[in-house]
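Accompanying notes for the structure given below.
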Amino acid sequence: MSVELKDFKSDQEIAWCPGCGNFGILKAVKAALVELDLPPDKVLICSGIGQAPKLPHYMRVNTFNGLHGREVAAATGAKLAADDLTVLVHSGEGGAYGEGGNHLLAAMRRNIDITLLVHDNKTYGLTKGQASPTTEARRTASLQPKGIFSEPINPLALAISQSCSFVAQSMSSRHEHLVRTIKAGILHEGFSLINILQPCVSWDKLHTYKYYQENCYELGEDYNPQDPLHALELVLGSTRRIPLGIIYENQRPSYDKLVLEGVFHPLRDRGVDPERVGKIFEKYF
Amino acid sequence: MEIGIRIAGAAGQGLQTTADMLGQILVQNGLFVSTYVDAESRIRGGLNFSHLRISDQALEGVSERFDILMALTTGAVKRFSEKLDSPGVLLCFSSSCDSRAAPVDLDNLAKQAGNLKASGVVGLGAICSLLEIPQDRVHEILQKHFTQNAKLLEINLRAADLGIAAVQDWKNKPEFPGANIHSPANERVLMSGHQAISLGAIAGGVSFVAGYPMSPATSILADLAAWSKEADIVIEQAEDEIAAINMLAGASYAGARSMTSTSGGGFCLMTEGVSLLGMIETPAVIVVAQRPGPATGLPTRTAQGDLNLVLHAGHGFFPRLIFAPARIEDGFETTAKAFDLAERFQVPVFILTDQLLQDCQPSLSAFDTSLLPSSRHLMRASELRERASYMRFEQTSDGISPQAAPGASQHVVVVDSDEHDEQGHLTESPIIAQAMSQKRIRKAKTIKNFSWFLNPYLDGFEKDNPLVISWGSTYSTISEIREDFASQNRAFSHLHLRQMWPLDESYLESILRTPRQITIIENNTDGQLASLFKTVGLRPADNVITRHDGRPFTVQDLTVKIKEVLS
């Protein structure tokens, strides 16, 4: 029996603002899972705090909605304990690039097989419009009335420079592109970072749907994502044009495969055997 | 019969290795040995020592006195030669460094053997010769220790033999009768607190460990890594402590028995994660190996200063269990049980150890594992498959909702750090919020109703006698003093807690009612157990004896302090 959209149906009332980009992302995630024939009980979505991380509540799926910025760490533990699950992480850019920066760096190094979907709206939405790690410098924000003096982070360049094994960018309103990108991220063995651009309809009057429509372009069939220097050029280039698609990709074994080799797994199904101590006692004492 | 040996010198001179090998030789020879370590936070230089206490019966308290001093630096001679018991033996790096020095030139003999670094092993040979330990026992341990490197083995065998010969040539050497038991190899081994806790974790079914290195907690991570193949566990060096605790939360939610080991500062970073565990009712075993604070404090020293921290860590109310092993054997049993209790009640369980307990090594026999719990408390897949629905936080009379792991069945498992409904979805409803809060209170009551999971030790109780109360690593030292006082008609009773939370107040009230005087002894600044007794309304202590210089109480200093307060 193949997976259908209705399998993911949730009865929870959605707390997002009308017109929020999160709706498009929710729709795309469900569509990607249906197309990959992944049922709700074989998928785990980990998330933290903010508006984006509420996403798993709005579909029927295994859900670990933990602490702000710690979603990648929690997902790492969960993937190692239950490697038979497809693990996605939904975070805002505040959680992924700000509060959770160290966990992102570590996850890219490990190349653990999880897919991180960053809802990047360049704003702290739920806390009412403060600057985020991707907000442009020199604008003002509620906590920076004189202007934001820090430069924004460039998550794509950062990820490419760290040999993150899958780096992609998409847009919340480009349904087909987003579904295609999420599917590719899930199918990729290793850590996949998908930066998803979305307008904040409540707090950001600059990065509107119209703005993204005018400035984004989709990478063509001829683009080769295997070349890190070319990929860096693309995301560091001086043009204001914003690339969408798989920007960089490399193939290496996933962390969970390496770590779990020779270990009884999933760890979830392990019993308790106090007698095991005897073996260690004999060998090491 | 009791012989004290102190091996002192600089970090990097192999003091601990020498002490470990000497301890193993003496245990093999049928003696009881206990050791402790005093080390600075550095890799080379400074002044460190390892102390061995040898007897024909178990003596596990911390003692300052020693009959033999091996001093490998001038600093060690200056600091400790005055404290050597008389008639003692001073083994120096050079026999001319002190008028009392034995005619054994450790450094010269080491050079003669082929490497100056073997001076400790020359001393090891010399000590074994003084104690009339057979040479082949010495060789046996060296062979075991240097099995990977034939050249080093050769040098060290030569070094030990030179030490043995130098003592044999020494005309007026003092005698140590009673050490040469020459019993056949016995079953006892030297085991440290961290090894016992690590073995306990394995017995408790740990399958996932995440942590970040910090003294004195790292040794547990190192043991589990070294044994990971036999134990069949995954061990993860996390990018920081915050990651470690959140990995635990994720792994434990996904059904793995999970633990971490950290110390004060690292644990402070974990506290939001502890609160998360409380909210999502997810089990975890958290070892907090105490050292003095605040902040970085004394990194390689000991303290019992984190009771308040683990008692209150994490915002909001949620149930927890806190244990403090008193002895090495307790470390094993407590940790094994901690995994069972954590999963049964879906709570964080803390194990408070400290630098003293982590690094001290008494000789003991193999553990009995036959009575340890050996089943999981997660819902079985077969049971789940037959259910029409599943709610992770289902309201129950005892506050414990059956835990299912994601992926085990067709049901999805939802948890949320926000207040949530029975399904696990976040809620703003005051009715549901109140009901969930009450569920956590009910669970705390369920746990408390069990009384003790680990009984306190109550030694020599007489209802009128003064009562001494202590917890954690101080047990053996105070026990020894109690026996000594009892033999001198100054008897006191000793109550020693191993379970720090929850407390069985009615049990404690019944014990605390009658003694004519109550003294609480703690290796911390502020008397945290004494404060806890006051908070929960127990009879307050008349005296609180504290020590907060980073060193453990010793039999000698605590004897003086107890005498001062005892009436």
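The values are calculated or read from the model by the stated rules, or taken from the named source; none is laboratory data. Model, not experiment: these values are computed from the prediction. Neighbour counts run over all protein chains shown; Cβ positions are idealised from the backbone, glycine included. In case anyone asks, the SASA skips ligands and DNA or RNA and just uses the protein heavy atoms, side chains included. Shrake-Rupley method; radii C 1.70, N 1.55, O 1.52, S 1.80 Å.
Brief remarks on what is shown
- The residues of the stretch B:493-527 that are in a helix (DSSP H, G or I) and open to solvent by 10 Å² or more (accessible area, probe 1.4 Å), listed by number, are B:Glu505, B:Ser506, B:Tyr507, B:Glu509, B:Ser510, B:Ile511.
- Among the residues of the stretch B:289-332, those identified as within 12 Å of the chain's Cα centre (by Cα) and either surrounded by fewer than 24 Cβ atoms within 10 Å (Cβ to Cβ) or within 21 Å of B:Asp504 (Cβ to Cβ) (or both) are B:Gln304, B:Phe323, B:Ala324, B:Pro325, B:Ala326, B:Arg327, B:Glu329, B:Asp330.
- In the stretch A:222-245, the residue that is nearest to A:Lys183 (Cα to Cα) out of those that are of a type in the set (A, V, I, L, M) and open to solvent by less than 50 Å² (accessible area, probe 1.4 Å) is A:Leu244.
- Subset of the stretch B:550-560 [in contact (Cβ under 8 Å) with a residue 24 or more places away in the chain and open to solvent by 40 Å² or more (accessible area, probe 1.4 Å)]: B:Arg551, B:Gln556
- One residue alone among B:Glu239, B:Glu281, B:Glu187, B:Glu272 is open to solvent by 10 Å² or more (accessible area, probe 1.4 Å) and under 30 Å from B:Lys439 (Cβ atoms), and that residue is B:Glu272.
- Number of the exception - B:Lys111 against (1) over 19 Å from B:Ser50 (Cβ atoms); (2) open to solvent by less than 40 Å² (accessible area, probe 1.4 Å); (3) without any contact (Cβ under 8 Å) to a residue 40 or more places away in the chain: (2)
- Scan the stretch B:459-472 for residues that are farther than 21 Å from B:Pro362 by Cα, open to solvent by 10 Å² or more (accessible area, probe 1.4 Å) and part of a strand (DSSP E or B) and the total you get is 0.
- Matching residues in the stretch A:256-269 - criterion: being open to solvent by less than 50 Å² (accessible area, probe 1.4 Å) and either over 25 Å from the mean Cα position of the chain (by Cα) or more than 9 Å from chain B (Cβ to nearest Cβ) (or both): A:Asp256, A:Val263
- Meets criteria (surrounded by 16 or more Cβ atoms within 10 Å (Cβ to Cβ) and either within 11 Å of chain A (Cβ to nearest Cβ) or over 22 Å from B:Val349 (Cα atoms) (or both)) for B:Pro406: yes
- The stretch B:500-511, residues that are closer than 19 Å to B:Gly527 by Cβ and either under 24 Å from the mean Cα position of the chain (by Cα) or in the same structural domain as B:Pro319 (by TED's automatic domain parsing) (or both): B:Met500, B:Trp501, B:Leu503
- Sole exception among (1) open to solvent by 10 Å² or more (accessible area, probe 1.4 Å); (2) within 14 Å of another protein chain (Cβ to nearest Cβ); (3) at positive phi for A:Gly129, by number: (2)
- Selection within the stretch B:473-492 - touching a Lys or Arg at 6+ places or on another chain (Cβ under 8 Å) and either outside any loop (DSSP other than H, G, I, E, B) or closer than 16 Å to B:Ser451 by Cα (or both): B:Tyr475, B:Ser476
- Scope the stretch A:55-71; condition open to solvent by 10 Å² or more (accessible area, probe 1.4 Å) and either more than 7 Å from every other protein chain (Cβ to nearest Cβ) or of a type in the set (Ser, Thr, Tyr) (or both); matching residues: A:Tyr58, A:His68
- Taking the stretch A:178-285 and the helices (runs of 4 or more DSSP H) fully enclosed by it, the elements with 2 or more residues that are charged (D, E, K, R) are at A:209-215, A:255-260, A:276-284.
- Filter result for B:Met379 (open to solvent by 10 Å² or more (accessible area, probe 1.4 Å), under 26 Å from B:Val209 (Cα atoms) and more than 8 Å from chain A (Cβ to nearest Cβ)): yes
- Among the candidates B:Asp107, B:Asp136, the residue that is touching a strand residue (DSSP E or B) at 6+ places or on another chain (Cβ under 9 Å), in the same structural domain as B:Lys173 (by TED's automatic domain parsing) and among the charged types (D, E, K, R) is uniquely B:Asp107.
- Among the residues listed as B:Leu72, B:Leu90, the single one being closer than 13 Å to B:Ile5 by Cβ, within 32 Å of the chain's Cα centre (by Cα) and surrounded by 20 or more Cβ atoms within 10 Å (Cβ to Cβ): B:Leu90
- Residues of the stretch B:360-372 that are more than 7 Å from chain A (Cβ to nearest Cβ) and open to solvent by 40 Å² or more (accessible area, probe 1.4 Å): B:Ser365, B:Asp368, B:Ser370, B:Leu371.
Conditions (1) more than 14 Å from every other protein chain (Cβ to nearest Cβ); (2) crowded, with 24+ Cβ neighbours inside 10 Å, marked per residue:
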{"site": "A:Leu88", "(1), (2)": "no, yes"}
{"site": "A:Gly98", "(1), (2)": "no, no"}
{"site": "A:Asn102", "(1), (2)": "no, no"}
{"site": "A:Ile114", "(1), (2)": "no, yes"}
{"site": "A:Leu117", "(1), (2)": "yes, yes"}
{"site": "A:Asp120", "(1), (2)": "yes, yes"}
{"site": "A:Leu143", "(1), (2)": "yes, no"}
{"site": "A:Leu156", "(1), (2)": "yes, no"}
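- Strands (runs of 3 or more DSSP E) lying entirely in the stretch B:1-80 (those with 1 or more residues that are without any contact (Cβ under 8 Å) to a residue 60 or more places away in the chain and closer than 24 Å to B:Gly472 by Cα): B:45-55
- Residue within the stretch A:35-46 that is within 8 Å of another protein chain (Cβ to nearest Cβ) and among the charged types (D, E, K, R) present: yes
- Subset of the stretch B:485-518 (residues that are under 18 Å from B:Glu564 (Cβ atoms) and touching a Ser or Thr at 6+ places or on another chain (Cβ under 9 Å)): B:Phe485, B:Phe492, B:His494, B:Pro515, B:Arg516, B:Gln517
- Filter pass, B:Ala336 being assigned to a loop (DSSP other than H, G, I, E, B) and open to solvent by less than 10 Å² (accessible area, probe 1.4 Å): no
- Among the residues making up the stretch B:214-234, those that are closer than 19 Å to A:Tyr255 by Cα, surrounded by fewer than 21 Cβ atoms within 10 Å (Cβ to Cβ) and under 22 Å from the mean Cα position of the chain (by Cα) are B:Ala225, B:Ser228.
Condition check ((1) part of a helix (DSSP H, G or I); (2) farther than 20 Å from B:Gly314 by Cα) across all residues:
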| site | (1), (2) |
| --- | --- |
| B:Leu384 | yes, yes |
| B:Gln395 | no, yes |
| B:Pro402 | no, yes |
| B:Ser409 | no, yes |
| B:Val415 | no, no |
| B:Lys445 | yes, no |
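- Restricted to the stretch B:339-379, and to residues there that are of a type in the set (S, T, N, Q) and part of a helix (DSSP H, G or I), the residue that is farthest from A:Leu267 (Cα to Cα) is B:Gln355.
- Residue among B:Asp354, B:Asp368 that alone is charged (D, E, K, R) and touching a residue at least 24 places away in the same chain (Cβ under 8 Å): B:Asp354
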